[in-house]
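Chemist: Take this structure, written in C-alpha cells, and hold onto it; I'll ask about it next.
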Amino acid sequence: MSNSTEVINVKITYDSNISDDRETKRIVLNSFLREYPLLQNDNSMINLSRQDLGELCSTINIPPKLVLREAVLDGIIIGFMAKLTYFKRFFTNCTIRSSSGNMERKTRVYLHKIHRLAPVFSYRRSVANLKPLYRLFSRENFFPSVSTQLAIVIYITDKLDKSFPKKIMQKNIRYICSCSAYAFHNAKNRLGIDRLINKKE
C-alpha cells in the first residue's frame, strides 16, 4: 500500500457489467474490507491515495476510470468512511439497556444497520446465526455487550461463508462494531467460537 497521505479526490465510474449500484457497493466494499485495514498504526482512520484506490479497483476487476473532480462523499469508499464515522458516533452515544426489552431483537436491529452500511456479509445468515448464539449465551450465563455480540455474529457468518476464501479482517469487524480487541477475543475464547465453527465446517 502506498505511504502517501493524499486523500482520494475522485469518483469511480463503473464497469457496464455491473448494473446495480448496490451490487457495485457490495463488490467494492467486500474487497476493501478484506484487503485493507480501516485503521492505521496510530489508530487513525486510513486515507487511501489514488494509487491505493487504483490497486483496489484492479483487484476487483473494475476498471479504475477515475475522474478527477472536487471531493465527493458519494463515492463508494469515501461515502462508506463518512457514514461509518457517523454510525460509530451514534453507536457510541446511544445507550442500550440490557435489562429492557428483547436484547436479541435489539442486536438484530443494529445488525441490519451495519449491513446497510457495509453489505459484506449475509444478513439472512447472520440473523440465523444469532439465534444459536443467544442459546449459547444463556447456556454459559454470559452476555457480552451488544457491540461484542455484533462483532462475534459477523465473524461467525463470514467464517462460514465459503464464497469468500479471504475473510474480512477481524480488526475491521471490530472497528465497525465499536468492539475492543480484548472484549472480542475474551468472548470468542470463553464461548469456544472457533471450535464451534470448525465443527460446522
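The values are calculated or read from the model by the stated rules, or taken from the named source; none is laboratory data. Keep in mind that what you see is a predicted model, and the values were worked out from it rather than measured. No Cβ is skipped: glycine too gets one built from the backbone with ideal geometry, and neighbour counts run over all protein chains shown. Side chains included, ligands, DNA and RNA excluded: accessible areas come from the protein's heavy atoms. Shrake-Rupley method; radii C 1.70, N 1.55, O 1.52, S 1.80 Å.
Results for (1) more than 21 Å from LYS167 (Cα to Cα); (2) modelled with pLDDT of 70 or more; (3) in contact with a Leu (Cβ under 6 Å, 6 or more places away or on another chain), shown as yes or no for each residue.
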| residue | (1), (2), (3) |
| --- | --- |
| ASP15 | yes, no, no |
| LEU33 | no, yes, no |
| TYR36 | no, yes, no |
| THR59 | no, no, no |
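Chemist: Answer yes or no as to whether LYS166 is touching a Lys or Arg at 6+ places or on another chain (Cβ under 7 Å), open to solvent by 40 Å² or more (accessible area, probe 1.4 Å), touching a residue at least 40 places away in the same chain (Cβ under 8 Å) and not aliphatic (A, V, I, L, M).
Modeler: The answer is yes for LYS166.
Chemist: Now, a different point. Cβ-Cβ under 9 Å, sequence separation 6+ or interchain: first residue in the stretch 184-195 and touching a residue at least 60 places away in the same chain (Cβ under 8 Å), partner among the polar types (S, T, N, Q) and open to solvent by 10 Å² or more (accessible area, probe 1.4 Å). Which pairs?
Modeler: Note: no pairs meet the criteria.
Chemist: If a residue must be of a type in the set (Val, Ile, Thr) and in a helix (DSSP H, G or I), how many such residues does the stretch 162-183 contain?
Modeler: Within the stretch 162-183, the subset of a type in the set (Val, Ile, Thr) is 168, 173, 176.
The next check asks that each one be in a helix (DSSP H, G or I); those that pass are 173, 176.
Counting residues in the stretch 162-183 that are of a type in the set (Val, Ile, Thr) and in a helix (DSSP H, G or I) gives 2.
Chemist: Note down all Cβ pairs under 7 Å where the first residue falls in the stretch 31-56 and is more than 25 Å from LYS159 (Cβ to Cβ) and touching a residue at least 12 places away in the same chain (Cβ under 8 Å), the second is open to solvent by 10 Å² or more (accessible area, probe 1.4 Å) and polar (S, T, N, Q), and they're at least six residues apart or on different chains.
Modeler: Close Cβ pairs satisfying both conditions: ASN47/THR5; SER49/SER2; SER49/SER4; GLN51/SER2; GLN51/SER4; ASP52/SER2.
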